[in-house]
1. Residue 244 versus (1) closer than 21 Å to residue 19 by Cα; (2) of a type outside the set (D, E, K, R); (3) outside the structural domain of residue 26 (by TED's automatic domain parsing): which is the lone unmet condition?
2. Could you please let me know if residue 244 is aromatic (Phe, Trp, Tyr), in contact with a Leu (Cβ under 8 Å, 6 or more places away or on another chain) and farther than 30 Å from residue 315 by Cα?
3. I want to confirm something. Restricting to segment 200-223 and keeping residues that are touching a residue at least 40 places away in the same chain (Cβ under 8 Å) and assigned to a loop (DSSP other than H, G, I, E, B), which single residue is surrounded by the most Cβ atoms within 10 Å (Cβ to Cβ)?
4. Modelled with pLDDT of 95 or more and more than 17 Å from the chain's Cα centre (by Cα): is that true of residue 209 in this structure?
5. Just wondering, is there one or more residues in segment 189-198 that are surrounded by fewer than 19 Cβ atoms within 10 Å (Cβ to Cβ), of a type outside the set (Asp, Glu) and assigned by TED's automatic domain parsing to the domain that holds residue 236?
6. Can you name the residue in segment 242-279 that is of a type in the set (S, T, N, Q) and outside any strand (DSSP E or B) and is also farthest from residue 191 (Cα to Cα) among such residues?
7. Could you tell me how many of the residues in segment 121-160 are assigned to a loop (DSSP other than H, G, I, E, B) and surrounded by 24 or more Cβ atoms within 10 Å (Cβ to Cβ)?
8. Going residue by residue through segment 287-309, is there one that turns out to be outside any helix (DSSP H, G or I), under 19 Å from the mean Cα position of the chain (by Cα) and under 14 Å from residue 148 (Cα atoms)?
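The values are calculated or read from the model by the stated rules, or taken from the named source; none is laboratory data. As the structure is a computational prediction, the values presented were derived from the model and not from experiment. We place every Cβ from the backbone using ideal geometry, glycine too, and count neighbours over all the protein chains shown.
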Amino acid sequence: MKIGLSTGGGDCPGLNSVIRAIVRYASATLGHEVIGIEDSFNGLLERPYKTRPLGLTDVSGILNRGGTILGTSNSGNPFKLKPGQDPKSCDKSQMVVDAYKDLGLDCIIVIGGDGTQRIASQFIKLGLNIIGIPKTIDNDLLQADFTTGFETAVEVASEAIIRLQSTAESHARIMVLEVMGRYAGHIALHSGIASGAHVILLPEIPFSYESIVKKVEERRQLCHNYSVVVVAEGAFEKGGEQVFQMRPSGKKNLGGIGQVVADKLSELTGSDSRITVLGHIQRGGEPCPRDRILGTLYGVKAVDMALKGEFSQVVVMHGHKLKAVSYQSIANGYRELEANDMYLDAAEAIGVCMGR
C-alpha cells in the first residue's frame with residue numbers, strides 16, 4: 001500500500017510518536033510505502049506537492065520530540081480558504097483530490113482534532129480513503145476518552161499550579177492560573193486535582209463569585225491566608241458570557257477570563273490577586289510517557305485498519321480499549337465534561353470549590 005500521513009490543527013505533544021509508530025510498522029516492518037504530507041492538507045495544495053517519503057531513518061530519534069516533523073496548520077481548510085489567500089476561488093478541495101490520485105495514495109491517515117477531522121470527513125464524501133487519529137490537548141474529541149497531547153498538557157499545568165502554591169503562601173495571595181481547553185474543562189479539572197488547587201472553574205459549570213469568596217474565607221479561618229484558583233479559558237460567570245480577546249487579524253480567541261476573575265476576587269476579598277496565563281507552554285515540549293504510549297497505540301491501530309480497508313473511521317481509546325468509530329459520530333460537536341464525571345465528583349468530594 002501507499003499510505004499518506006498528515007498532521008493538522010494546533011501542534012501538541014505526542015504527534016511524532018504517532019508518526020514514528022506508523023512508519024516503523026507500515027514501512028519498516030511490513031514493507032509498505034508511507035508518504036508524509038507537510039503542513040496538513042496545505043501540502044497537497046502546493047505545486048509541486050509538499051510531500052516526502054518516510055522511512056526508518058526519518059523517524060529515528062523523534063519519539064521524545066515535541067511538535068511534528070511534518071509541520072501543521074490550523075488555517076488551511078481547502079473547502080473554505082479565506083478570499084485574501086486566493087482571489088480566484090475559495091474552494092480548492094479538488095486540488096487535494098487530484099493530488100491524492102496523482103500520488104497514487106491508497107489512503108491518508110489524518111492526525112488531528114475536531115476541526116481537522118471535520119475537513120477530513122468532507123474529503124471522504126469526495127471519494128478519498130481516510131482514517132483519523134485524534135489529537136488535541138483539550139481532550140474534547142467526541143467518543144475518545146483520551147487524545148494524544150492531553151496528558152502532557154495536564155502534567156505541565158499541574159507543575160505550574162504546584163509552583164504557584166508556594167508563592168501564594170509566601171505572600172498570602174490569591175493566585176489565578178488560566179489554562180487552555182476551549183469549551184471543555186478537562187485540562188483545568190485534571191490538573192487542578194493533581195496539584196491540590198482550591199478552586200477550579202469550568203465552562204460546564206457557570207460560576208458564582210459568592211461561592212469562591214466563601215471558599216477563600218473558609219481557608220482563612222483555618223489560617224490559610226492564600227488560595228490557588230484554576231480557570232479554564234472557556235469558564236464564565238453565571239448569567240454572564242465567555243471572555244474573548246480580539247486579535248490584530250480581527251479574529252476572536254477565547255481568553256482573558258483569568259484576569260477578570262483575579263481582579264474581581266481582589267476587590268471582593270481584599271487579598272492581592274495575581275494572574276498567570278499558561279498559554280502555549282501547554283502545547284510545547286517533550287511529550288510525557290503516557291502520550292508517547294498512546295500515540296504508538298493509535299499509530300499501530302491505524303495501520304491495521306488501513307491494511308484491512310477499514311476506512312472512513314477514527315481510532316479512539318474508549319473504555320480503556322482501542323476501537324474504530326465513524327466520522328459522523330465525532331465530526332459535529334465536542335466532548336464536554338458530563339454532570340456525573342467521576343473526576344468532577346471526586347474533586348467536589350474532597351472539598352474543591354467548583355464555583356457552584
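1. Every condition holds for residue 244 apart from (1).
2. On the way: aromatic (Phe, Trp, Tyr): yes; in contact with a Leu (Cβ under 8 Å, 6 or more places away or on another chain): yes; farther than 30 Å from residue 315 by Cα: yes.
Taking the combined requirement at face value, the residue satisfies it.
3. 202
4. yes
5. yes
6. For segment 242-279, the residue satisfying everything is 249.
7. So in segment 121-160, the residues assigned to a loop (DSSP other than H, G, I, E, B) come out as 126-129, 136-145, 147, 149.
Imposing the further condition that a residue be surrounded by 24 or more Cβ atoms within 10 Å (Cβ to Cβ) reduces the set to 136-141, 144, 147, 149.
So the count comes out to 9.
8. We begin by selecting, within segment 287-309, every residue outside any helix (DSSP H, G or I); these are 287-288, 309.
From what is left, the residues that are under 19 Å from the mean Cα position of the chain (by Cα) are 287-288.
Okay, now just the ones that are also under 14 Å from residue 148 (Cα atoms), so 287-288.
Looking for residues that are outside any helix (DSSP H, G or I), under 19 Å from the mean Cα position of the chain (by Cα) and under 14 Å from residue 148 (Cα atoms), one finds at least one in segment 287-309, hence yes.
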